[in-house]
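Working notes for the structure below.
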Amino acid sequence: MPAKREPPRELVRIPMVTLLKVPSLNYQTMDGDSAAIPRKGRFTLLNLWASWCAPCLAELEEFKERHSDLVDAGVEVVALALDGVGEDAGDPARASQRADVMGLPFRVGRASEQILTVLERLHVRLTPMELDLVIPLSLLIDREGRLSIIYKGAPGVDQILSDLTHSTVPRWKRLGAAAGLGGVSLEASHPTVAKATDQLEVSQRFQFAQDMWQGRLLDAAEIQFKETLALAPDFAEAANNLGLVHATRGEHGKAIEAYRKALSLRANFATAHMNLGLSLQAGNKVAEARQSLQRALELDPVLPEANDALGLLHAKMGELVVAKSYFKKETEVNPEFAEGFNHLGLIHLSLNEAKGALAPLRRSVALNPQNADAFNNLGVAYKRLDRLEEAGQAFEESVRAGPRFVPALINLGLHYLNAGKLAEAEQKLAEALALQPNSPKIKRDLSRVRSLLGRK
């Protein structure tokens with residue numbers, strides 16, 4: 001066995017008090033295949049390195065020399081290179097070459113922006129007083145997939161092996177290890193101290209769940225919201241946000257259950273009433289949906305997107321005038337909500353009020369220049385008012401914002417056709433047909449253009 005290596009003085013070792021599960025993270029191997037970490041049932045040592053980082057390479061050499069010790073202890077090393085990721089100017093090919101030359105016996109691959117974002121969020125939520133992430137950086141993940149220790153710098157294999165039991169001890173012992181203090185923790189014998197620590201853990205779990213939700217890592221968000229609720233069963237926001245995760249997946253039955261749980265905890269929770277209404281509407285439970293949405297507005301008349309949701313509900317029921325009143329109210333209470341203005345403009349079009357549609361649709365595209373639907377609706381309004389040049393410009397902007405947005409491709413193709421630009425019309429209609437190859441209307445329009453061009 002090689003000589004044991006003492007950890008360098010610059011090492012920062014950060015034991016976790018709260019044990020958060022690390023989301024399943026996909027990475028690319030040096031051969032270009034896809035793989036995932038962590039793997040439940042074994043320890044994972046996730047190491048970040050770069051080909052230009054001398055301490056990183058020295059650490060990888062030690063992992064190589066002590067690989068059998070790590071394997072015997074049930075530790076799987078996964079070393080991900082940062083070369084060329086984000087702002088790093090390194091060459092990914094150089095990292096691959098370096099790994100080949102070193103002959104590393106464990107899994108090696110490339111990090112990604114998503115992996116760095118998740119690790120940064122874990123770092124922020126669990127170690128708010130620490131500085132930025134640096135390399136070499138290693139994360140010890142336990143057999144349950146929970147982050148146990150963060151190492152900034154090279155800890156040495158002996159330190160890693162001695163830390164494998166950290167996540168198995170009671171929280172008060174983990175707290176002592178994290179604080180680096182001797183003595184007896186007050187948490188073990190004082191309920192008020194334990195309660196304060198519980199509240200901190202709940203907050204950390206909830207905030208990390210929010211991070212995962214905002215990053216659309218839905219499986220990770222679901223786990224963290226559920227673990228938050230296991231610690232704090234009366235946490236209405238966690239129940240509501242768990243519902244959002246289910247709704248995003250289209251699991252509206254589960255979402256409804258979560259929203260109702262939130263409302264059982266806080267009956268006057270306006271946002272939960274609105275979310276419940278949206279999921280009920282998705283399940284075609286129109287009467288219940290309207291009741292929930294109206295209750296949300298009774299509790300909070302300026303609740304963002306609640307008026308818009310009721311407008312969509314009434315529009316779906318064919319009650320266009322009522323829908324227009326709700327959309328108008330939404331634009332008044334939520335003047336930065338681009339989609340609310342788009343819906344107001346669209347309902348004007350549905351009521352054959354093309355002139356009235358212009359102002360809200362212009363406002364919508366000003367707020368969100370990437371809204372292909374709003375630009376397309378604006379083009380329709382201009383076309384109905386016989387303002388054809390402006391209609392064409394709006395359709396072109398719609399295609400710019402959404403190159404695969406079929407309604408805009410069709411409208412722009414027909415605009416070119418009416419303007420005598422047959423080649424351009426053929427191109428846009430062909431693009432639309434490629435996206436919707438079974439559309440009889442697109443086929444007819446394209447056939448008409450090609451006939452005018454003298455083609456079959």
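Brief remarks follow.
- Among the listed pairs Lys254/Lys316; Lys173/Lys254; Lys40/Lys152; Lys254/Lys441; Lys21/Lys329, those with a Cα-Cα distance over 32 Å are Lys173/Lys254; Lys254/Lys441; Lys21/Lys329.
- Straight-line cross-link reach from Lys64 at under 18 Å between alpha-carbon atoms covers these lysines, not counting any fewer than eight positions away in the same chain: Lys4.
- As a calculated quantity, the FRET efficiency between Glu144 and Arg94 at R0 = 41 Å, using C-beta atoms, amounts to about 0.70.
- Interchain or long-range residues, amide H under 5 Å from Ser148's placed H: Leu140, Ile141, Asp142
- Projected label points at Ser264 and Asp31, each 7 Å from Cα along the beta carbon direction, are separated by 5.1 nanometres.
- Residue-averaged [θ]222 nm for the chain, counting only DSSP H segments that reach four residues, each worth -39500 (n - 2.57): -18500 deg cm²/dmol
- Among Gly356, Thr228, Gly109 - extreme Cα towards positive end, dipole of the chain, charges at beta-carbon: Gly356
- Packing order of peptides 98-105, 303-310, 443-450, highest average first: 303-310, 443-450, 98-105 (average count of other Cβ atoms within 10 Å over each peptide's residues).
- With an a/c value of 1.5 or above and a/b not larger than b/c for the gyration tensor axes a ≥ b ≥ c computed over the alpha-carbon atoms, the range 403-456 is described as oblate.
- When Thr228, Thr29, Thr127, Thr271 are sorted by how many other C-beta atoms sit within 10 angstrom of their C-beta, beginning with the fewest, the order is Thr29, Thr127, Thr271, Thr228.
- Here the chain is assigned +1 on the Cβ of each Lys and Arg and -1 on the Cβ of each Asp and Glu. Its dipole about the Cα centre then comes out at about 1540 debye.
- Antiparallel DSSP beta bridges within the chain, percent to nearest 5: 65
- Whole-angstrom gap from the range 109-160 to the range 242-259, using each part's C-alpha centre: 31
- Counted residue by residue at 0.36 nm each, then reduced by the alpha carbon distance between them, the extension gain from Arg444 to Met317 reaches 42.6 nm.
- Net charge dipole size for the range 73-180 [Lys, Arg +1 and Asp, Glu -1 on Cβ; Debye, nearest 20]: 460
- Candidate values [x] 1.09; [y] 1.48; [z] 1.04, label of the one derived for Rg/Rh (Cα atoms, Kirkwood Rh): [x]
- Phi-derived couplings, Karplus 6.51 cos²θ - 1.76 cosθ + 1.60 at θ = phi - 60°, listed residue by residue for the range 68-83: 5, 5, 5, 4, 4, 8, x, 9, 9, 8, 10, 9, 10, 7, 9, 3 Hz, with x used for Gly and Pro.
- Spatial separation of Cα centroids for the range 87-104 and the range 32-65, in angstrom: 12
- Spin-label pair Asp386-Arg39: with each label point 7 Å from Cα along the Cα-Cβ axis, the two points sit 7.2 nm from one another.
- Annotation note: GluC sites (Glu not before Pro) in the range 71-161 located in DSSP loop regions with a Cβ neighbour count of at most 10 within 10 Å are Glu87.
- In summary, the helical segments of the chain meeting the span-like criteria, namely a full DSSP H run, a Cα extent along the axis of 27 angstrom or more and a mean Kyte-Doolittle hydropathy of at least -1.0, are 191-214.
- Using the Cβ of Asp142 as centre and a radius below 13 Å, the other residues enclosed give a net charge of +4, where K and R count +1 and D and E count -1.
- The overall shape of the range 12-188, judged from the alpha-carbon gyration tensor, is prolate: a/c is not under 1.5, and a/b is greater than b/c.
Values in this text are rule-based calculations from the coordinates and carry no lab data. Model, not experiment: these values are computed from the prediction. Note that we place each Cβ from the backbone using ideal geometry, even for glycine, and neighbour counts take in every protein chain shown.
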